[in-house]
Structures are given as C-alpha cells and as structure tokens.
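Undergrad: The structure is given below, and queries will be raised subsequently.
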Amino acid sequence: MAGYNLHFMKGGGDAGAQIRAHNWEGTPLGDPANWPAYIRMSISVCLNSNFPISLYWGPDYYLFYNDAYRIIAGDKHPDIMGKPRKEAWPEAWEEVKPQFDAVMATGNSIRNKDRRFLITRFGFIEECYFDYTLSPIADEEGNIRGVFNAVMETTYQVINERRNRLLQRLSLQLHNFQTLEHGYHEATTLLREFKHDIPFSLLYKCDDGLSGTCLLKQSEGISEEQAAQVSWPLREAIISGVAVTVKGLQEKIVDFDFAGMPVDDLQAIVIPIRQGDNNITGIFIAGLNTSIRPDESYKLFLESVAFQIGAAISNGANFEREKLRSDQIKFSEDQLQFAIDAAGLGTWDLDPATNRFTGNKRLKGWFGLLPDAEIELTEALNVIAEQDRPSVIAAIAQAMSAGSGGSYHIEYTIINPLDPIPRIVRAKGKALFDADQKVTRFSGTLQDITAERKTLDALERAYEQARLSKEAAQLGTFDMDLVKGTMEWDERCRLLFGISHNDKVSYEDDFLPGLHVLDRERISKIIQKAFIKAETNGDYDVEYRTVGIEDQQLRWIRAKGKVFFNEHNEPVRFVGSVLEITNEKQNEIRKNDFIGMVSHELKTPLTSLKAYVQVLNARSKKEENAFAISSLNKVELQINKMSALINGFLNLSRLESGKIHLNLVEFNVDELIKEIIEESSLVTSTHKITLMPCDSVMIRADRDKIGQVITNLISNAVKYSPRGRVVELNCQRTGDSVQVSVRDEGMGIRPQDKDKLFERFYRVESTHTEHISGFGIGLYLSAEIVQHHGGKIWLESEKGIGSTFFFSLPAG
Ligand code: ADP
C-alpha cells in the first residue's frame, strides 16, 4: 500500500491514517503530491476539526472525511474513504446530487436541518436525520472545485422528539376513559397516527393474573387473524413481569404490510400492563419500525407507551369505580329519602356553629315554621311542651358533649300555636365530632307517635281491664304452642292444679297427671278432638276434676278454650281459661243427693199407696161400687204420673252421680212400643196415638229405661201439640241399628233451640210454653239413656208444622 507523508495529510486519527494509506494514484485524482493548494488546505482543515466534516472533490465527488465523521459513516468506514460519493452513499445519492450540483454551479452554500435519509451503515436500512451544510471549495481563481460538507447527525433528537410528542398526546388524550372496557377498546386508537414509531400494536386484557386467559381487545396495523398467527409469549411476560422481545415476525405473519418500511427482521415487544396495585391486567404488544435501531431507547419508549396505556386504563377503571360509588351513594340517598317519606318522618339538622335549626317540610309544619324558615334552637325549644323541655335540653346537651358517643333519643310533645292538637314525637339523632371532639353536625329524625301512643294507652287500659276482670273472676289462663310443644300456665291456672312453683310446665308432665284419674281419658279424648278442625272447629268446653299435685286437693274446674289452625288446618295454638267450680259442683252434688234421697223416700210411701189403691180397687170391683172404681182409677193414674216424675228425678240424681245402672235384657222393640202406646192411650184422651207398620226388631237394652224414653217423647208430643192432633210412632231397622221416631203436629222447634233441648233444665221460653208444666229434664234424661246404650238421639222440626224426635239403638 502506498503511504503518503504530505504535510496536509497529517493528524486526523484513523481517518487521517486512511487518507494517507489510500491508493490515490489509482483514482482520477492522481498523486496527492500534485494536488492543488485549495484542496490541500481543505483536507488539512477537515482532518484537524473535531466536528464531523466530509469533502467532495473531483469529477465524481470523491469523498474525504475526518475522524468525527466516522460515527456517521458507521460500518462503511473505512471502505468509503476516497470513493466517489455515488459509491460511498448510493442509498442517498439520488436525493442529494442536485444539491451538490447546485453548489458547484452557483457557489452558494446550502443548509439542511434535520433532513431525513434512509441509509445502510449498520447492516440495515436506517432512518436517519442530519443537520448539514454544503459549501463550495473554490480555487485561487474563484472557480468552484469541490463541496465542503459539515454535518451533524440529529437522528436521536428527531426520533426522540417524535416519541415524546406521542407520549405527551397519549397522556393528554387517554385520560378520558370512563370504564375499564372503554380503556381496553380505545387505548391504541391514537397509535394509528404514530405508525412510524409503532407500525402495529395489539392490546390484550388478561383476567385473574397468572392463571387467567388473555383476550385480544384491540389491534392496530395488523388484523386479528394475522395476530393469531404468532404465539405471543403472553404468559412469559406475565410471569416474568418484564417486556419480552419477539424477532423474525416477518416469517410468521402472512402478508404483513411493511408500508414502506424495509422488509427486514420484524420485531415486536410484549409488555405487561400494570394497574395501580401492580396487578398485571393486560398485555401491550408493539411492533418496531424496521428502519429504526431496536436499541434500548426504542424499547424504553415502547415501555413508556405501555405504561401510559396502563395508566389510562387504570383511570378508566377508577372512574368507573368512582362512578359506581357515587351512583351507590346517590341510590342510598334516594332510598333514604323514600324511607323518610314512606315512614312520614321529619328530618332535622342543627348547625352547632350557628346554633340554628332547620328541617324538612314535614318537620317545619310540625314546629309551625314556614318551609324556608331556619330558627334558633331556643325558638324551636319553645314549641316543645313545657314539662318536656328540660329533658329535651338535657338530652341535646348530653348528645353534644364530648365522649358521649353522640346518640340522641327522646320522646316529647310539640305544642304548636298553629295546631291546637298536641303532637307526641320520638326524636332520634346523632352528633358528629371532629378530631378535637368538637361537634361538627347534629342531625336526625322525628317521628309522630301520637296515634301509636293513643293506641298503646288504649291497649294498656284494655289489658289492665282484662287483667282486673280476670282477677275478679279468678280466671286462670293456659296457652299451648302446639308447634313447639310448649305450654304456659298463669299463676291462677297453676294454683288450680295445685302447683306453687314458677318453673316450666308441660301437657304430659303437669296437665294430664293433674287430672282426676276418672276424668283423664275423657278429657284427653276431648282435647284430641278439639285439635281436629272439621269435627269441633277448635271449640273446647269441659268440666273436670284436678287433684293438686302438691296439696292433693280435689278441685272441680270448668275449662273453655279455642284451638287455632294454620292454613293446612293443622292445630298450632291452644288457648283458653280455667275457672274453679268446686263450690258450685259440690252444691250441685249435694242437691242431687238431696233430690235422690227425697225421691227415694217418696217412692216408698207411694208404692204402698199404690198397693192400697189396688187392693181398694179390687174390693170396689167386687162390691160393684162404680163411683169408687172410677175414683180409684183416677187415683192410680195420678199415682202413676207421680211415680214417673219421681223416677225421673231419681234417674237424674243417679246419672249426675254416675250411678246409673243399665239392666240389659233382650226384647222386641216393636212390642215395647205397642205396650207403651196402649198405656199412653189410656191416660190420653186429647190426642190420637198411632203406630205405623213396624219391623220386629230384637235388641239388648234396659227395657224400662228405653220405655221411659218412648213415654217421654210421646208425652212431649202430646204436651206441645194442640188437642185432637195425631202422634205417630214409627220403628224400623236400618243396617245394624233400630230407629224409633215420634212425630207430632205441634208448634215445632226453632233451629237455635234444637241442640239445647237435650241439655239439663232447658226449656223453650215462649208464650206458648209458659203454661205447660215441666222441669226440662225429660229430654236430657232420654238423651243420657240413649247415649249410655251407645245410641243417638236427634230431631227434625219445622216451626208451626210439627216435630219428629228420633233415636236409634244398636240392634243385635
Ligand atoms: P219439659 O217438657 O219437662 O219442659 P223436656 O226436657 O221434655 O222438658 O223438654 C224440654 C223442652 O223442649 C220443652 O220445655 C219444650 O219447650 C221443648 N219440647 C220438647 N218436646 C217438644 C215437642 N214435641 N214440640 C215442641 N217443643 C218440645
């Protein structure tokens, strides 16, 4: 290699060395020793400058440059030294040749600021920017011989400025997202304008961090199908939390539109998007422009874009949350207002700073204030009834005192001059305190409880009355919860069962064992029946004996109650009262005993009376004394009547004391009926007693007592129907029972009396019946006798037409 050692080529570092080593003789420029002075000078200036300078001289603009220019030359150094400009920078020559030619032709300098060039100096076509001048190099005669080029690369500044502009616009424009979704849908739209720096972008939304799936929300500069051709390292980016670079995309994405970018190694960077608390909620993928150096600053820029997008989405999410919160607050405020209106509440507010008091319209009305009035607390207090005022003042002071907790709850009366009726109100409120325990606000509600109070007072009075009358009547109460299986007895009820404690009582352990052994089965059956709605409608009315659990005392009790049923007719509650009737019962027993004893005592003389009459009658018949015979017959009839009466009383007393005895024999009912009709006809001249064709039916029963029943029914039919009417008897077998009926054409019986007739001593009170003698025991005894035989007794009647009494007995 030639080595020149000319003075103008001295210095200049590596570039200088290259100039000195270059084979200039192999170029049209020839031996440097012969180069003219103007070029020598220029070369010397160039080599000794620290500013990037190149020179172009000769027919093809041969290139000289200094060491500082090496940065611009890149990998082209040192090959381009001494090469014609066209060979050295073929990529930009077409563009700049006219400028060179112009300088040569005119001798005028040219200045270009930040001019863009696509050059290949590091193995790829790179977008570069330069600030340069092209100035003429003239010879001694002033002829232009070459071009002097001072140049500064501004690629970094230009691109950086552009990037900053983008980031700035991103931060300005992306703050308006109102929801998270909105952010994910529109965040990359702006990038469309910045295709140069981000030729394509993808935005994924990822749910549930590591485990979740990512969904493509937006794509710019690339279709969704094209995006799907690459398996993006989304998971890798999420797990590592840092950006991951993907290269060689041009081979994966079919028909990618390079849109003027050099078709080269297409790269993208996959960046996790974070939100507030560092949660990764998405992925931003940005494609890199193939003509911009994929250096750290490019990556940093894209990460900043991702950061901005993340912040914008975060903002959207926050906005959405805030909106939701404020909506919720608004909703609960509305709800509160509804509740206040629905409950008819007054609301009040006291400003502790001014001690002024205000409230809603309703409250102002109560206080006699105009709708927009605001008054001093003391004025408001004046409307409060005088007797309540001190306690209200005390309650307000207490609520507003530090450390009280601020609660306020009081009831008082308002006497408003515009409203003559006092209003009782319940005030509830809360005082709020600041950090220094100073009251900042004191507000609450007012409820009109006048009506409630009145009802309560009335209720209290009614309850007190009920309690007093219960006490006066010495009524005890019981209450059974049939669902829970519990039973409540008040003190009186406990007393009637001989219980003095206040412990729990139960049906099984206290009620049943407390009953007299002879009443236990009967009463428990009646209660079971009361639980069946269809049978009893839940009515319960009984008499029983108790034997005191503690005092062993026998008491007679009358219990009356009611069973309540649910919608399925299942019994749920059984309540009622109990009353001691021991004295009445004992009186009754004594009375019964007395009646029994008297009847018994009367029977003996009557029996001997009857015997004497019969003896006398026999004698009279012998003596054929007609008057005596008829008189004695009448006497016997009266004796029979009296005997029937006494028998009735005797039976009654036996029945009451449970001593009735059935003397069962087999007999023919129809025969008995015939006999009785005969007997009755003998003593009845006013009515015709007939028997319809009758079945012959054998039964096993107490013949005398059944006879009494039939006699009774016939004598009632006669008693309660006008003279001359027919009394008709009937007897027929129905299934396994026999049914006997006695029909009359009498006054009839009102429906409301029907069942009561069978009660003891019951008589229908009317002008019709007041002159008809009787005790009201005939039907009672008949019913008892029939029921003791396991039969039934009932009647059918129509007022004014007549009645038919039926009874049926089991037939063999
Ligand atoms: P007594 O006839 O002694 O009053 P009962 O027990 O036999 O007593 O009858 C009770 C009441 O039933 C009578 O007072 C009467 O009012 C009414 N009664 C009974 N039988 C008839 C009848 N056949 N027709 C109308 N009323 C009757």
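The values are calculated or read from the model by the stated rules, or taken from the named source; none is laboratory data. Note that the structure is a prediction, hence the values are computed from the model and not measured. With ideal geometry, Cβ positions are generated from the backbone for all residues, glycine too; neighbour counts draw on all protein chains shown. We work out accessible area using only protein heavy atoms, side chains counted, and drop any ligands, DNA or RNA first. Shrake-Rupley method; radii C 1.70, N 1.55, O 1.52, S 1.80 Å.
Undergrad: Starting from segment 583-629, pick out the GluC sites (Glu not before Pro) whose DSSP state is loop and whose Cβ has at most 11 other Cβ atoms within 10 Å.
TA: Sites meeting the loop and neighbour criteria: 624.
Undergrad: What is the gain in length, in nm to one decimal, between residue 247 and residue 733 on full extension, counting 0.36 nm per residue of separation less the C-alpha to C-alpha distance?
TA: Between residue 247 and residue 733, full extension yields 163.6 nm more.
Undergrad: Once fully extended, how much extra length lies between residue 7 and residue 621, figured as 0.36 nm per residue of separation less the alpha-carbon to alpha-carbon distance?
TA: Separation in residues times 0.36 nm, less the Cα-Cα distance, equals 200.9 nm.
Undergrad: Moving on. Can you give the Kirkwood hydrodynamic radius of the chain from its Cα pairs, in Å with one decimal?
TA: Final number for the Kirkwood radius of the chain is 42.1 Å.
Undergrad: Let me ask you something else. Give the separation of the Cα centroids, segment 466-533 to segment 230-303, in Å.
TA: Their Cα centres are 88 Å away from one another.
Undergrad: At 1.4 Å probe size, with every protein chain present, just tell me what the per residue accessible area of segment 431-470 comes to in Å².
TA: Accessible area per residue, segment 431-470: 72 Å².
Undergrad: Let me ask you something else. With angles folded into 0 to 90 degrees, how steeply does helix 296-342 sit against the dominant principal axis of the chain? Use alpha carbons for both and round to 10.
TA: That helix lies at roughly 30 degrees to the long axis.
Undergrad: Which net charge results for the neighbourhood of residue 771, defined as the other residues with beta-carbon distances under 13 angstrom from its beta-carbon, given Lys and Arg at +1 and Asp and Glu at -1?
TA: Around residue 771, the surrounding residues sum to 0.
Undergrad: Here is a follow-up. Please give the net charge around residue 289, taking every other residue with its beta carbon less than 9 angstrom from that of residue 289, where Lys and Arg add +1 and Asp and Glu add -1.
TA: -1
Undergrad: Mind checking the per residue accessible area of segment 690-785 for me, 1.4 Å probe, whole number of Å²?
TA: 51
Undergrad: Based on the alpha-carbon gyration tensor of segment 1-91 and its eigenvalue square roots a ≥ b ≥ c, which shape applies: rounded if a/c is under 1.5, prolate if not and a/b is larger than b/c, or oblate?
TA: Rounded, since a/c falls under 1.5.
Undergrad: Residue 582 to residue 457: FRET efficiency via 1/(1 + (r/R0)^6), r the Cβ-Cβ distance, R0 35 Å, to the nearest 0.05?
TA: That gives a FRET efficiency of 0.35.
Undergrad: Percent relative contact order of the chain, based on C-alpha pairs within less than 8 angstrom and at least six residues apart?
TA: 5
Undergrad: Hey, another quick one. Given the Cα-Cα distance of residue 207 and residue 321 and 0.36 nm per residue of separation, how much length would full extension add, in nm?
TA: Net length gain for the segment: 39.3 nm.
Undergrad: While we're looking at this one, here's another question. Given the C-alpha centroids of segment 1-70 and segment 382-396, what is the distance between them in whole angstrom?
TA: 109
Undergrad: Rounding to the nearest 10 and keeping the result within 0 to 90°, find how far the Cα-based axis of helix 389-399 lies from the longest principal axis of the chain.
TA: So the inclination is approximately 40 degrees.
Undergrad: Let me ask something else about it. May I ask you to list the lysines whose Cα is less than 17 Å away from that of residue 430, ignoring any residue fewer than eight positions away on the same chain?
TA: By straight Cα distance, residue 430 reaches 438.
Undergrad: All other residues with a Cβ under 12 Å from the Cβ of residue 100 taken together, and with Lys, Arg as +1 and Asp, Glu as -1, what is their net charge?
TA: -1
Undergrad: Put a dot 7 Å past each Cα toward the Cβ at residue 264 and residue 770; how far apart are the dots in nm?
TA: Using points 7 Å along Cα→Cβ, the separation is 13.5 nm.
Undergrad: Roughly what would the spin-label model give for residue 610 and residue 799, points 7 Å off Cα along C-beta, in nm?
TA: That separation, rounded to one decimal, is 4.1 nm.
Undergrad: Oh, and also: Give the distance, in whole Å, between the Cα centre of segment 71-137 and the Cα centre of segment 733-807.
TA: That distance is 139 Å.
Undergrad: Set the Förster distance to 35 Å, then compute FRET efficiency between residue 468 and residue 598 from the Cβ-Cβ distance, nearest 0.05.
TA: The calculated FRET efficiency here is 0.25.
Undergrad: Still on this structure, I have one more. Only bridges whose two residues both fall in segment 189-330 count here: according to DSSP, what percent of them are antiparallel, nearest 5?
TA: About 100 percent, rounded to the nearest 5.
Undergrad: How far apart, in nanometres, would the label points at residue 101 and residue 407 be if each is projected 7 angstrom from Cα along the Cα-to-Cβ direction?
TA: It works out to 10.0 nm between the two label points.
Undergrad: Mind checking which lysines have their Cα closer than 23 Å to the Cα of residue 622? Skip sequence neighbours fewer than 8 apart in that chain.
TA: Within reach: 610, 634.
Undergrad: Give the cysteines in the chain for which no other Cys Cβ lies under 4.7 Å away, or write none if there are none.
TA: Lacking a cysteine Cβ partner under 4.7 Å: 46, 128, 493.
Undergrad: Also: Take the cross-link list 113/299; 195/217; 330/361 and give me the ones stretching past 24 Å between alpha-carbons.
TA: 113/299
Undergrad: Reachable lysines from residue 591, Cα under 27 Å, same-chain residues fewer than 8 places away excluded?
TA: Within the straight-line limit of under 27 Å, residue 591 reaches these lysines: 560, 603, 641, 659, 705, 756.
Undergrad: Computed FRET efficiency, Cβ-Cβ of residue 342 and residue 752, R0 51 Å: what is it to the nearest 0.05?
TA: Calculated value: 0.55.
Undergrad: List the trypsin sites (Lys or Arg not before Pro) within segment 648-681 that DSSP assigns to loop and that have no more than 15 neighbouring Cβ atoms inside 10 Å.
TA: Here the trypsin sites (Lys or Arg not before Pro) that fit, given the DSSP loop and packing criteria, are 659.
Undergrad: Which of the residue pairs 97/247; 323/428; 585/799; 562/719; 10/76 have a Cα-Cα distance greater than 30 Å in the structure shown?
TA: Flagged as over cut-off: 97/247; 323/428; 585/799; 562/719.
Undergrad: With a cap of 14 neighbouring Cβ atoms within 10 Å, and only residues DSSP puts in a loop, list the chymotrypsin sites (Phe, Trp or Tyr not before Pro) found in segment 111-144.
TA: Passing both the DSSP loop test and the Cβ count: 122.
Undergrad: In square angstrom, what is the accessible area per residue of segment 545-600 with a 1.4 angstrom probe?
TA: Accessible surface, normalised per residue, equals 59 Å².
Undergrad: Next up: Hey, what angle do you get for helix 778-788 against the long axis of the chain, alpha-carbon based, 0 to 90 degrees rounded to 10?
TA: 60
Undergrad: So, with a 1.4 angstrom probe, what is the percent of accessible area on segment 440-514 that is carbon and sulfur?
TA: C and S atoms contribute 52 percent here.
Undergrad: When the accessible area of segment 654-812 is split by element with a 1.4 Å probe, what percent falls to carbon and sulfur?
TA: C and S atoms contribute 48 percent here.
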